[in-house]
1. As a test of the formula, what do you get for chain B when each DSSP H run with n ≥ 4 contributes -39,500 (n - 2.57) and the sum is divided by the residue count, at 222 nm and rounded to the nearest 500 deg cm²/dmol?
2. From the label point of A:Leu238, set 7 Å along Cα to the beta carbon, how far off in nm is each other copy's matching point, shortest first?
3. Rounded to the nearest 0.05, what FRET efficiency do A:Asn15 and A:His52 have when you use their Cβ-Cβ distance and R0 = 25 Å?
4. Along Cα→Cβ, 7 Å out, is where each label goes; now give me the distance between the ones at A:Arg182 and B:Leu222 in nm to one decimal.
5. Let me know the shape class of segment A:168-260, please: from the alpha-carbon gyration tensor, a ≥ b ≥ c as square roots of the eigenvalues, rounded when a/c is under 1.5, otherwise prolate if a/b is greater than b/c, or oblate.
6. Run through segment B:12-121 and list the GluC sites (Glu not before Pro) located in a DSSP loop whose Cβ has at most 15 other Cβ atoms within 10 Å.
7. Under a Cβ-only charge scheme (Lys and Arg +1, Asp and Glu -1), can you give me the dipole magnitude of the protein assembly as shown about the Cα centre, in debye to the nearest 20?
8. How far apart are the B:Ala200 label points across copies, placing each 7 Å from Cα toward Cβ, in nm, shortest first?
2 protein chains.
Amino acid sequence: MNFQQLRYIVEVDRNGLNVSEAAETLFTSQPGVSKQIRALEEELGVAIFVRHGKRIVDVTEPGREMLNIARRVLADADNLHRVGEEFRNEGQGRLSIATTHTQARYKLPKVIAEFTRRYPKVRLELHQGSPSQVCDMVLSGDADLVIATEAISDYPDLVMLPCYQWNRGVVAPSDHPILKARPLSLEEIARWPIITYDSAFTGRGQMNKAFLGRGLKPNVVLTAIDSDVIKTYVRMGLGIGIVASMAFDPLMDKGLGMNDAGHLFESSTTRIGIRRNVWLRGYIYAFVELFAPALNRHVVEAARAGGGTDPGL
Amino acid sequence: MNFQQLRYIVEVDRNGLNVSEAAETLFTSQPGVSKQIRALEEELGVAIFVRHGKRIVDVTEPGREMLNIARRVLADADNLHRVGEEFRNEGQGRLSIATTHTQARYKLPKVIAEFTRRYPKVRLELHQGSPSQVCDMVLSGDADLVIATEAISDYPDLVMLPCYQWNRGVVAPSDHPILKARPLSLEEIARWPIITYDSAFTGRGQMNKAFLGRGLKPNVVLTAIDSDVIKTYVRMGLGIGIVASMAFDPLMDKGLGMNDAGHLFESSTTRIGIRRNVWLRGYIYAFVELFAPALNRHVVEAARAGGGTDPGL
DNA sequence: GATAGTTACGGTAGTCGTAACTATC
DNA sequence: GATAGTTACGACTACCGTAACTATC
């Protein structure tokens with residue numbers, strides 16, 4: 001048994017049980033892959049794949065178990081290299097964060113400023129995308145961390161750690177009557193045209209729930225993917241905006257005002273996500289702790305080991 | 001990188017950083033081991049071992065991380081073979097249980113009877129020993145499960161799952177006045193010569209604590225490693241016995257009586273222990289569940305993944 | 001000087017790729 | 001007949017073991 005063989009079976013599984021494609025992905029010959037898989041099956045004494053004659057059509061039951069183990073082994077092999085890198089150039093490296101606009105624009109700047117001060121040699125990369133896109137970036141290894149709110153929970157390979165809770169506020173031009181409404185009510189909000197986040201994005205679920213719960217039908221005239229865009233349109237008088245409270249800055253956002261709506265909607269939790277079986281460099285733990293001081297290295301490791309065990313195994 | 005190299009570094013670490021000995025253990029040549037280790041260090045870009053000239057004198061910090069990962073990889077490699085075996089001869093195999101006398105004698109018989117009925121082709125092995133001995137058996141792979149009470153908690157590689165709680169009773173010849181004592185008190189017990197478990201064994205800690213808490217000094221005249229031996233000496237009139245309640249059977253133990261002492265001592269918890277990163281065959285999960293119905297496969301897997309993360313990592 | 005580890009070198013085994021062949025859809 | 005996988009074979013690599021050498025205690 002060797003790593004290559006494990007790589008082969010994992011890749012065949014990933015490529016829809018197609019040996020030829022797997023061989024291509026692995027930059028090797030198809031017969032080689034085929035042969036090694038047979039050799040592995042021979043050694044382990046069990047068929048990993050179900051074959052109809054020559055075609056591979058399914059994964060056997062033991063095969064499923066074995067693929068799980070094989071994937072973990074390969075991840076660990078990777079981890080060994082990561083550890084090497086970590087110590088070869090301590091403090092140097094790359095930190096790639098996949099996140100949504102609101103985080104990148106309003107929450108991360110302070111954290112990143114402090115982080116770069118502490119780790120000047122770490123090259124930072126910010127990737128933006130929708131919640132599912134940013135999760136995919138981490139799953140594929142293109143990013144180390146994902147910071148998002150609409151935390152997609154059904155990725156077994158992703159560990160999501162709650163960082164902080166936040167809620168929404170209504171932004172409107174300074175002279176807009178809704179800014180005076182005390183207390184602010186859903187009925188009042190529903191009276192105006194609304195501009196808010198795109199439904200694929202942060203916490204639209206909570207909003208809809210709140211309105212529906214009161215039998216209201218909000219008049220959403222425009223959706224956008226980020227708070228700045230929303231504020232721009234609010235400034236133009238297209239409607240009132242519902243955005244994350246943190247996305248309003250009284251100093252910067254001249255001509256606009258905010259009326260907090262935290263009592264009207266269920267709060268949203270922003271989470272940081274990491275791949276389960278991946279060894280993390282020291283500065284990544286440091287970054288997570290800077291972002292959410294409760295998440296020290298020990299807590300993160302415990303969370304990664306525990307919780308979210310997949311019942312499939 | 002290959003499995004062999006990982007095996008080499010792990011074995012060198014295990015053999016007190018002695019390459020020659022490691023080579024011997026692995027039935028291979030010393031230069032081969034040496035060379036492969038250098039090759040691995042080369043590939044990973046970091047020294048795993050600290051050398052004084054040629055002698056290996058310590059493990060580097062990245063080395064410690066790498067050894068942890070390497071051990072997991074090797075365990076997984078093993079696991080792949082285990083999975084193979086499981087499915088090659090389903091229902092057949094070996095189940096090796098390391099336990100203490102009291103469990104083997106009083107608690108296991110029913111469970112084992114049921115287990116052998118369900119899995120007639122599984123060869124059962126019972127190993128007996130002191131709590132630390134039985135734990136070692138599991139750690140070294142000689143046994144699959146350990147069932148013990150004085151659950152040694154400082155084995156990071158062992159996951160201990162609580163199964164049930166039990167307490168003690170006083171056994172004495174049928175006509176002994178202590179059997180009439182209602183309620184039974186520590187003071188009453190302390191009045192008589194006591195025969196109980198050896199201190200290395202089950203739950204002596206709880207007993208001493210109870211007596212000390214009342215400023216009493218029990219007169220322990222004899223200690224033994226198992227309940228049957230204790231009862232034998234009690235029968236001979238050497239003193240009263242303090243044993244696990246389950247170790248008394250009114251039908252079998254003619255001439256003796258028991259007075260329950262559950263209110264006097266802190267109860268003990270019997271635990272089942274398994275190695276953390278080892279893949280378990282289906283019938284092992286079945287056995288655990290037979291022994292402690294709450295511990296179904298899902299619970300066991302969750303416990304194995306979580307808890308007891310070693311802060312060293 | 002004894003013990004422990006590295007360098008040198010030859011034999012062997014096993015992996016990889018090309019080519020030819022075979023089976024499934 | 002096109003697509004997918006296996007068998008066959010030759011080249012090459014890399015691992016292992018012996019032997020000689022070198023450094024540490």
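Bear in mind that the values in this text are calculations on the coordinates, not laboratory data. Bear in mind the structure is a predicted one, so any value in this text is a computation, not a measurement. Cβ placement follows ideal geometry from the backbone for every residue including glycine, while neighbour counts extend to all protein chains displayed.
1. On the way: 11 runs with 125 residues, N = 313.
Roughly -12000 deg cm²/dmol at 222 nm, from the helical runs in chain B.
2. List, nearest first: 9.2 nm.
3. Numbers: r = 18 Å, r/R0 = 0.70.
E between A:Asn15 and A:His52, to the nearest 0.05, is 0.90.
4. 8.6 nm
5. Working: a/c = 1.65, a/b = 1.22, b/c = 1.35.
The shape class here is oblate.
6. On the way: sites: B:Glu21, B:Glu24, B:Glu41, B:Glu42, B:Glu43, B:Glu65, B:Glu85, B:Glu86, B:Glu90, B:Glu114; in loops: B:Glu90.
Passing both the DSSP loop test and the Cβ count: B:Glu90.
7. On the way: 74 positive and 72 negative charges, 161 e Å.
So the dipole magnitude of the protein assembly as shown works out to roughly 780 debye.
8. Label-point separations across copies, in nm and ascending: 6.6.
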